[in-house]
1. Checking the conditions here, which among Asn328, Asn324 is over 30 Å from Pro62 (Cβ atoms), in a loop (DSSP other than H, G, I, E, B) and not hydrophobic (A, V, I, L, M, F, W, C)?
2. Checking the conditions here, which among Ile270, Ile285, Ile231 is touching a Pro at 6+ places or on another chain (Cβ under 9 Å) and among the β-branched types (Val, Ile, Thr)?
3. Take region 166-198 and flag every residue that is outside any loop (DSSP other than H, G, I, E, B), closer than 25 Å to Ile386 by Cβ and charged (D, E, K, R).
4. Looking at Ala96, Ala163, which one is within 23 Å of His191 (Cα to Cα), part of a loop (DSSP other than H, G, I, E, B) and of a type in the set (A, V, I, L, M, F, W, C)?
5. Does Ala331 meet the test of being surrounded by 15 or more Cβ atoms within 10 Å (Cβ to Cβ), of a type in the set (A, V, I, L, M), at pLDDT below 95 and over 19 Å from Val186 (Cα atoms)?
6. Can you spot a residue in region 64-79 that is under 26 Å from the mean Cα position of the chain (by Cα) and modelled with pLDDT under 55?
Amino acid sequence: MKKFFIFAAFCLAGLVAQAQQNLSWGQGPQVASPDVHADNTVTFNLIAPEAQKVQITGDFLPTQKIKIDGYGEYDAPGVVDLVKNDKGVWSFTSEALKPELYTYNMIVDGVKIIDPLNVYNIRDINNLFSVLLIGGDARTDLYKVNKVAHGTVSKVWYDSPTAGITRRLTVYTPAGYENSGKDYPVLYLLHGIGGDENAWSELGRAAQILDNLIAQGKAEPMLVVMTNGNISQEACPGETSEGFKVPTMMLPKTMEGSFETAFPDVVNFIEKTYRVKKDKAHRAIAGLSMGGFHSLFISINNPDMFGYIGLFSAAVDQQQADPNGFPNIYADRDKKIDNLFSKKPNLFWIGIGKTDFLYKNNTDLRAYLDSKQHKYTYLETEGGHIWRNWRIYLSEFTPLLFK
């Protein structure tokens, strides 16, 4: 019997070792990264004794200017060097940072990597970033998981007869939806070029923002439907029948009218599947960049569908569309805008950063709206074409809905 227990203990130890094979048992210097200090300075560390040069780049650093053909200059994250100590640990300490959700990468001998000491990272198109959240003000506290009632985030498949494929949505239902028996309004929330149905729930912190705003009584309980705007895709990369395909920004049928034409399939599915209110006054649509482009043209081509329209750093010109697609979707933009406003939408909302490469396009749109005395709400923020702004816009837009 004693031999049996010894054997069993040996087997158990083997199983534990197998299960824990990815754990580090105190090898090498014990350092943290990122290490947030009481004054909101942050120390970043990397253990790389053989490296010749280590740098860090991220949106917590001063920006540098790069040029985009046809749009002028664009703000890009800066780069700074880390310094190596005698133990082979490279370090950099930032200035005191304002409350914000930041992303960053290390650069080791010219190769960009995520921070190996930070388990929190996120994908944006085909790039991986490490993530850092510094709270401390009312806005960034919206991005945190607080002790409030939480909604449910689901990955839901639906048939799109117009697109001819089965596709996936991310759907947020507010706390209490399952048992309330009530019907709810719906916000359709669209991502930018290269993104997918995961973008707003992950990079945009949409579920946390909605949970917190609803709990504070600042937003109405609502469903948020986060679509995949790449109509040729079933779902986000790696979660489709195509397998582990390399993500790319340049996808077919993104801005040539197919998505706009197929969008009623999404609305029909949601209204058949969920307890929602099925009228214009209880539907909203908003999107960032390409998603703002889609939101504009979906709403002006379906002027009786949405009472609330939000354009976040939106591409707003029909010249940005692929001319080989559905020209009727993009024709007569201004005439269609006039028709939309003749039907008195509850809210037409525009947000843009001062250094966004689409700033002039949005300025031109606003000039047209002003010339026709079309009423809209406008928010201008610091910075450019960045998630930091789009989280702000979602936080400002949603409290205005369904009032």
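The values are calculated or read from the model by the stated rules, or taken from the named source; none is laboratory data. Quick caveat, the model's predicted, so the values are computed rather than measured. Quick reminder, even Gly has a Cβ in these numbers, built from the backbone with ideal geometry, and neighbours come from all protein chains shown.
1. On the way: Asn328 fails: in a loop (DSSP other than H, G, I, E, B).
On inspection, the qualifying residue turns out to be Asn324.
2. Details: Ile270 fails: touching a Pro at 6+ places or on another chain (Cβ under 9 Å); Ile285 fails: touching a Pro at 6+ places or on another chain (Cβ under 9 Å).
Testing whether each residue is touching a Pro at 6+ places or on another chain (Cβ under 9 Å) and among the β-branched types (Val, Ile, Thr) leaves just Ile231.
3. Of everything in region 166-198, nothing turns out to be outside any loop (DSSP other than H, G, I, E, B), closer than 25 Å to Ile386 by Cβ and charged (D, E, K, R).
4. Details: Ala96 fails: within 23 Å of His191 (Cα to Cα).
None of the others qualify; the one that does is Ala163.
5. Working: surrounded by 15 or more Cβ atoms within 10 Å (Cβ to Cβ): no; of a type in the set (A, V, I, L, M): yes; at pLDDT below 95: yes; over 19 Å from Val186 (Cα atoms): yes.
So Ala331 does not fit the description; no.
6. We begin by selecting, within region 64-79, every residue under 26 Å from the mean Cα position of the chain (by Cα); these are 64-79.
After this cut, where a residue has to be modelled with pLDDT under 55 as well, the list is 71.
Checked region 64-79: at least one residue is under 26 Å from the mean Cα position of the chain (by Cα) and modelled with pLDDT under 55.
A quick yes/no check of all residues on (1) of a type outside the set (A, V, I, L, M, F, W, C); (2) in contact (Cβ under 8 Å) with a residue 40 or more places away in the chain; (3) not in a helix (DSSP H, G or I):
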| position | (1), (2), (3) |
| --- | --- |
| Leu210 | no, yes, no |
| Gly217 | yes, no, yes |
| Glu220 | yes, yes, yes |
| Gly229 | yes, yes, yes |
| Met255 | no, yes, yes |
| Ile270 | no, yes, no |
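To keep it simple, each residue is scored yes or no on (1) in contact with a Lys or Arg (Cβ under 9 Å, 6 or more places away or on another chain); (2) within 19 Å of Trp349 (Cβ to Cβ); (3) surrounded by fewer than 19 Cβ atoms within 10 Å (Cβ to Cβ).
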residue: Ser258; (1), (2), (3): no, no, no
residue: Ser289; (1), (2), (3): no, yes, no
residue: Ile298; (1), (2), (3): no, yes, no
residue: Gly307; (1), (2), (3): yes, yes, no
residue: Leu311; (1), (2), (3): no, yes, no
residue: Ala315; (1), (2), (3): no, yes, no
